[in-house]
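S.K.: Provided herewith is a single structure, encoded as structure tokens, for subsequent inquiry.
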Amino acid sequence: FAPKVLAGQQVLVTAGPTFEAIDPVRGITNHSSGKMGFAIARAAQEAGARVTLVAGPVHLPTPEGVRRIDVQSAQQMLEAVERSLPEYGIFIATAAVADWRTANVSEQKLKKDGSGQPPALQFVENPDILATVARTAQAQAGTLYCVGFAAESHDLEANAQAKRLRKQVPLLVGNIGPATFGKDDNALLLIDDHGTTELPHASKRVLAQQLVSEIARRLPDTQRA
Ligand code: C5P
């Protein structure tokens, strides 16, 4: 039994890594498992919300009742999010989006040319999906509540607070403890305008349920169903 704290709400979640192609057979990605984002999507659905999950390449089953859109790159993730966004009132960005992509994806597989010289890859910065969404009229008008995540190696509170202000999101969730990637448990530090709240060490399933309740409690009156 889960209390229906998000009844009548529409929730959009990003999860997993992105994959940035170098050529048709290679690319750059990271070790995000998608577990936290999938757990949040499941918990939000169980709390009564209609949920869409935009997922990078992960090996996880789709939570029951959740609509899933699979993408590869950060640009595809942004497009999928922007296409869906008008229908949503809550945006939760858990994806570990690649900061850079290759400037030119080679149409053919890169081959060793015998010179001993490796290819010179060039990179360009990817769009910041969360910051882009937080700047939309919807978010500025207070009809879209945005939640970001932060994985920091040090000074979690200060870095997460700086990130919250830079990306202009009301709630930023910090991963406490090192190397949460791939694990089934975690601990979270919630940072909003009023200060910090700690969700102590627990399974990602339990943390996701607690986080959903914390988000529901913070929704502005204009967004209550
Ligand atoms: O700046 P940093 O990558 O640490 O920010 C993390 C937060 O921003 C996460 O919520 C992540 O999903 C989101 N993000 C994003 N698009 C990016 C980079 C990060 O949505 N290109």
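S.K.: For the structure I just gave you, tell me whether GLY195 is touching a Ser or Thr at 6+ places or on another chain (Cβ under 7 Å) and over 26 Å from PHE19 (Cα atoms).
M.R.: So GLY195 fails the test.
S.K.: Which one is farthest from VAL54 (Cα to Cα) among residues in the range 133-153 that are assigned to a helix (DSSP H, G or I) and near the ligand (Cβ under 10 Å from one of its atoms)?
M.R.: Among residues in the range 133-153 that are assigned to a helix (DSSP H, G or I) and near the ligand (Cβ under 10 Å from one of its atoms), the one farthest from VAL54 (Cα to Cα) is ALA134.
S.K.: Residues in the range 167-194 that are within 25 Å of GLN9 (Cα to Cα) and either of a type in the set (A, V, I, L, M) or part of a strand (DSSP E or B) (or both): how many?
M.R.: Of the residues in that region, 10 qualify.
S.K.: Next up: Filter the range 191-211 down to residues that are among the aliphatic types (A, V, I, L, M) and without any contact (Cβ under 8 Å) to a residue 24 or more places away in the chain and give me whichever is nearest to ALA41 (Cα to Cα).
M.R.: Ranking the candidates gives VAL206 first.
Rundown of residues vs (1) within 20 Å of ASN186 (Cβ to Cβ); (2) within 16 Å of the ligand (Cβ to nearest atom), yes/no style:
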position: ILE28; (1), (2): no, yes
position: LYS35; (1), (2): yes, yes
position: ILE40; (1), (2): yes, yes
position: ALA44; (1), (2): yes, yes
position: ALA49; (1), (2): no, no
position: PRO63; (1), (2): yes, no
position: VAL66; (1), (2): no, no
position: ILE69; (1), (2): no, yes
position: PRO86; (1), (2): no, no
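S.K.: Here is a check on your reading of the model: is LYS109 without any contact (Cβ under 8 Å) to a residue 24 or more places away in the chain and either of a type outside the set (A, V, I, L, M) or within 13 Å of the ligand (Cβ to nearest atom) (or both)?
M.R.: For LYS109, the condition - without any contact (Cβ under 8 Å) to a residue 24 or more places away in the chain and either of a type outside the set (A, V, I, L, M) or within 13 Å of the ligand (Cβ to nearest atom) (or both) - is not met.
S.K.: Right, next: Answer yes if at least one residue in the range 154-172 is within 16 Å of the ligand (Cβ to nearest atom), closer than 20 Å to VAL212 by Cβ and over 16 Å from the mean Cα position of the chain (by Cα), and no otherwise. Steps first, please.
M.R.: Looking only at the range 154-172, we keep the residues that are within 16 Å of the ligand (Cβ to nearest atom), and these are 154-172.
Those left that are additionally closer than 20 Å to VAL212 by Cβ: 160, 164, 169-172.
From the residues that got through so far, the ones that are over 16 Å from the mean Cα position of the chain (by Cα) too are none.
No, every residue in the range 154-172 fails to be within 16 Å of the ligand (Cβ to nearest atom), closer than 20 Å to VAL212 by Cβ and over 16 Å from the mean Cα position of the chain (by Cα).
S.K.: Those residues that are crowded, with 17+ Cβ neighbours inside 10 Å and out of contact with any helix residue (DSSP H, G or I) (no Cβ under 8 Å at 6 or more places or on another chain), I need them from the range 93-122; list them, please.
M.R.: The answer is ALA96, THR102.
Where a number appears in this text, it was derived from the coordinates with a stated rule and is not lab data. What you are looking at is a predicted structure, and each value in this text was computed from that prediction instead of being measured. With ideal geometry, Cβ positions are generated from the backbone for all residues, glycine too; neighbour counts draw on all protein chains shown.
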